[in-house]
Amino acid sequence: MKISSKLLNIVKQNKSFIIAGHINPEGDAIGSALALALGLKKIGKKDICVLSRDGVPETLQFLPSAKLIKKRPPDKKYDVLFIVDCNTPERTGFRELKAGNTVIIDHHIPPADAGKSEFYRTLSAAVIDPGAAATGMLVYKFLSALKVPIDKDIATNLYTAILVDTGGFRYSNTSPESLMMACHLVGAGARPWDITKEIFESIPYKSMKLLGLSMATLDKKDNIAWITATREMFEKTGTTAEDSEDFVDFPRKVKGAEAAVFFREDEKGVFKLSLRSKGKVDVQKIAEGFGGGGHFAAAGCRIKGTLREVQRKVLTAVRKAIKEAT
Ligand SMILES: [Mn+2]
């Protein structure tokens, strides 16, 4: 992925920058946005705003300069808007953001109608590489092209971004390149165990209790493993949706499961689903069938109905996809 000279010039010629990640952010969105902001500061840019409509999740508040992040944009027009780890203004939660230049840095596949949309036609530049394991890797390349020296704070943010999106350097997107970058970032001061402790070893007690209740619903049939979290479980443990963020990883660990599903009841009759694949089934396609989206191995959607209806519909679709793929 080459960084265009047009993009480098946009940075050089402008003074004010606003950076927005996606709603319901995780380590790649927040880490990439912060690393980009810190990098721009390093080369003398002073007017930088970092936005996250849903703020910074508790597990990511250790990230250097996490306090920079604002939930609302200031009432002014910026020279450059960066959209990171997503590819539409809608995904940032701020439809109305306007700037002299708009730039996307992302590793998701652009929407099918991208070529026709007004937003894509008026884009100033983009660094889009669906082959990159994390947006953090693209930000790393961008900062390198800008000749930004990577200090400990930038390294910590970028290492976190890559760590999260590769599942701790375990998923199939873990490549020589992602490991090489991690190597450089550790060399620049990122501390793997300090970051791992914050990301993977800091589950709040109440979330763990919720996981226990949800895991008690574990079921497996036809190479699909699934768990459910009901409103009642959330109420009993005093938890919210954020506390069940990575629950789908647990049914995925079941031996013989090709696909895993987490059914989360958001309100009565409305379920948020997380789908995971062990590598053979394209769960993105399944999620798209229900109006959702995501990646090949990790996707999600929202479905209305009773738990029984939703489970029947989804498990049927997953079973069919497994049959076709294996
Ligand atoms: Mn990402």
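We did not get these values from a lab; they are worked out from the coordinates using the rules stated. What you see is a predicted model, and the numbers here were worked out from it, not measured in a lab. With ideal geometry, Cβ positions are generated from the backbone for all residues, glycine too; neighbour counts draw on all protein chains shown.
With an 8 Å cut-off on Cα pairs and a minimum separation of 6 or more residues, tell me the relative contact order of the chain in percent. Display every interim value, and only then the final one.
Values: 615 pairs, mean separation 39.2, N = 326.
Worked out over the chain, it gives 12 percent.
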Dipole magnitude of the chain about its Cα centre, charges +1 at Lys/Arg Cβ and -1 at Asp/Glu Cβ only, in debye to the nearest 20? 340
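Just to be sure I understand: of the beta bridges DSSP finds with both ends in the range 206-325, what percent are antiparallel, rounded to 5? List each step's numbers first, then the result.
Values: 20 of 26 bridges.
Counting only bridges with both partners in the range 206-325, antiparallel ones make up about 75 percent.
Convert 20 °C to kelvin, take the viscosity as 1.002 mPa s, use the Kirkwood radius over C-alpha pairs of the range 206-325 as Rh, and evaluate the Stokes-Einstein diffusion coefficient in µm²/s, rounded to a whole number. The partial results should precede the final answer.
Values: Rh = 14.0 Å.
Using the Kirkwood radius from Cα pairs, D works out to 153 µm²/s.
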Pick out, from ALA297, HIS184, VAL11, the residue whose Cα sits farthest towards the positive end of the charge dipole of the chain, with +1 on the Cβ of Lys and Arg and -1 on the Cβ of Asp and Glu. VAL11
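Pull up the DSSP beta bridges for the chain and report the antiparallel fraction as a percent, rounded to 5.
Working: 20 of 47 bridges.
Roughly 45 percent of the beta bridges in the chain run antiparallel, per DSSP.
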Between the range 133-155 and the range 67-94, the Cα center-to-center distance that results, in Å: 19
In debye, nearest 20, what is the charge dipole magnitude of the range 169-293 about its Cα centre with +1 on Lys and Arg Cβ and -1 on Asp and Glu Cβ, if you could check? 400
Straight-line reach check, LYS206, cutoff 19 Å on alpha carbons, 8 or more apart in-chain or any other chain, hits among lysines -> LYS197, LYS236
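Obtain the radius of gyration and the Kirkwood radius of the range 5-200 from its C-alpha atoms and give Rg over Rh.
Values: Rg = 15.4 Å, Rh = 16.5 Å.
Radius of gyration over Kirkwood radius for the range 5-200 works out to 0.94.
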Starting from the Cα of LYS46, draw a straight line to each of the lysines and keep only those under 18 Å, dropping any in the same chain fewer than 8 residues away. LYS12, LYS15, LYS67, LYS70, LYS76, LYS77, LYS147
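Out of the trypsin sites (Lys or Arg not before Pro) in the range 93-140, which ones are loop residues according to DSSP with at most 14 other C-beta atoms within 10 Å? Write out the running numbers ahead of the final one.
On the way: sites: ARG95, LYS98, LYS116, ARG121; in loops: ARG95, LYS98, LYS116.
Those satisfying the criteria are ARG95, LYS98, LYS116.
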Show the residues, 5+ positions off or on another chain, whose built amide H is closer than 5 Å to the amide H of LYS70. VAL50, LEU51, SER52
Listed residue (SER214, THR306, ALA225) projecting farthest to the positive dipole end of the range 206-325, Cβ model: ALA225
Work the Kirkwood hydrodynamic radius out for the range 136-215: mean of 1/r over every pair of different alpha-carbon atoms, inverted, in Å. 13.7
